[in-house]
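Structure first, then comments.
None of the figures in this text is laboratory data; all of them are computed from the coordinates on show. Keep in mind that what you see is a predicted model, and the values were worked out from it rather than measured. In this analysis, Cβ positions are derived from the backbone assuming ideal geometry, glycine residues included, and neighbour counts consider all displayed protein chains.
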Amino acid sequence: MSHHNHCADCAFFEDHAANAQAVANDAGLCRFNPPVTQPSADAKGFWPVVGANDWCGHFSTQAAE
């Protein structure tokens, strides 16, 4: 099994303490992609909720400029 950098160490991870909507203790928001749209036109979009130990192919230690 290969080693992965986790969301909690990524520049695009926003800790759950900054967002009251995140439910799990180790959850945060992924700010790499834009918010996910909702079915209703008047509903706000939501940032994807990820676990601190999750990982993906977009990991970066530095935010894009």
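Sort F32, F46, F59 so that the residue with the fewest other Cβ atoms within 10 Å of its own Cβ comes first and the one with the most comes last. List each step's numbers first, then the result.
On the way: F32 20, F46 12, F59 16.
Least to most surrounded, the residues fall as F46, F59, F32.
A simple count of charges around V49, restricted to other residues whose Cβ falls under 13 Å of its Cβ and scoring Lys, Arg +1 and Asp, Glu -1, yields -3. Footprinting exposure proxy ranking of T37, T61, fewest other C-beta atoms within 10 angstrom first, gives T61, T37.
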